[in-house]
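Working notes, beginning with the structure itself.
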Amino acid sequence: MICRLAAAETWPLRQQVLHPARPWPTALDPPDEGPDALHLGWREGDELVGVGSISRQDRPDGPTTGRAWRVRGMAVAQPWQGRGIGARILAALVAHAAGHDPGGLAWCLGRLPASRFYARHGFRCLRELDVPGKGPRLLLELHLPAAEE
């Protein structure tokens, strides 16, 4: 079941899945604290098995007039992958952004193996980037649906 989380509640699973060999920071990233930031999780019983976050943040290649939302920290524990948990979390994050900024933009820096996941959900790849300390990432974007008139 999907649930709202505090940013810090996402950290253990994000580290376990995305950065197992790296120490995790002890402070929030500024976008994680923003008033429009949303952190979601998926629970199976008492176990948190999936997480994802979204917050207002311009793309690294330039300003987007404050209508850009960055998807971050998408992580699903290994035994739960492939069951649609990440898809449901991502859909809820995108819906949150679209509710605030219809016609805006969602973007992320996805790992190379995640490109098919994001493509299935409408994201398109702009280019590959080398992120210092993290390695190659894909800059992906999704144009949010415009408001219905």
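Selection within segment 108-149: residues that are among the aromatic types (Phe, Trp, Tyr) and within 22 Å of GLN78 (Cβ to Cβ). The member of this set that is surrounded by the fewest Cβ atoms within 10 Å (Cβ to Cβ) is PHE117. Any chance segment 61-74 includes a residue that's buried (at least 20 other Cβ atoms within 10 Å of the Cβ), within 15 Å of the chain's Cα centre (by Cα) and among the charged types (D, E, K, R)? Yes, because at least one residue in segment 61-74 is buried (at least 20 other Cβ atoms within 10 Å of the Cβ), within 15 Å of the chain's Cα centre (by Cα) and among the charged types (D, E, K, R). Take the conditions (1) touching a residue at least 40 places away in the same chain (Cβ under 8 Å); (2) closer than 28 Å to GLU47 by Cβ; (3) of a type in the set (Phe, Trp, Tyr); TRP80 misses just one of them, which is (1).
Counting only residues that are out of contact with any helix residue (DSSP H, G or I) (no Cβ under 8 Å at 6 or more places or on another chain) and part of a helix (DSSP H, G or I), which one in segment 57-89 is modelled with the lowest pLDDT? Only one residue tops the list, namely PRO79. Could you tell me whether GLY99 is surrounded by fewer than 18 Cβ atoms within 10 Å (Cβ to Cβ) and assigned to a loop (DSSP other than H, G, I, E, B)? When the stated conditions are applied, GLY99 does not pass them.
The values are calculated or read from the model by the stated rules, or taken from the named source; none is laboratory data. Every value quoted in this text rests on a predicted model; they were computed, and no experiment measured them. Because the Cβ atoms are built from the backbone with ideal geometry, glycine has one as well, and the counts that use them run over all protein chains shown.
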